[in-house]
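Report on the structure given below.
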């Protein structure tokens, strides 16, 4: 587990009232998304590239931009990550892969939008403080 994962887990756990991040709750999903961002080759830009390669470039661009976020479906998210990777992530959270795909379809646009408030992907990568502040705001605690 990387430093970002540990810090996000601690912050998210405390924001959720001290509960554990397991069980597929919102903090666990946010931690999973932060892990995806950290572990994707190229970080946020790499994840956006994966989305574009899967045919979701227009939607992903809307999440980065300053306008309304275009929706994606769980099925589309499943195509981005593939059954194996999605299954592994779902097993970590103790939920079915199709349920995780639907939850990621709801959450990814919000997280990416929150990490790109100026409508631009940060050139120097994701600022940990900004990311955690954005996650706290998403949980309604910031």
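The values are calculated or read from the model by the stated rules, or taken from the named source; none is laboratory data. Everything numeric in this text was worked out from a predicted model, so none of it was measured. Here Cβ is always computed from backbone atoms with ideal geometry, including for glycine, and neighbour counts include all displayed protein chains.
Points worth noting:
- Inter-residue pairs, beta-carbon under 7 Å, first touching a residue at least 60 places away in the same chain (Cβ under 8 Å) and at positive phi and in segment 28-55, second part of a helix (DSSP H, G or I) and surrounded by 19 or more Cβ atoms within 10 Å (Cβ to Cβ), 6+ apart: 43/37
- Unmet requirement for residue 55, which otherwise passes all of (1) modelled with pLDDT of 90 or more; (2) part of a helix (DSSP H, G or I); (3) surrounded by 15 or more Cβ atoms within 10 Å (Cβ to Cβ): (3)
- If you go through segment 85-124 and keep only what is in contact (Cβ under 8 Å) with a residue 24 or more places away in the chain, loosely packed, with under 13 Cβ neighbours inside 10 Å and within 16 Å of residue 28 (Cβ to Cβ), you end up with just 94.
- Apart from one condition, residue 101 fits all of (1) modelled with pLDDT under 90; (2) in a helix (DSSP H, G or I); (3) touching a helix residue (DSSP H, G or I) at 6+ places or on another chain (Cβ under 8 Å); the exception is (1).
- Lone unmet requirement of (1) modelled with pLDDT of 95 or more; (2) in a helix (DSSP H, G or I) for residue 71: (2)
- Cross-chain or 6+ apart pairs with Cβ under 6 Å, segment 69-84 first and in contact (Cβ under 8 Å) with a residue 40 or more places away in the chain, then surrounded by 16 or more Cβ atoms within 10 Å (Cβ to Cβ): 69/62; 69/63; 69/109; 69/113
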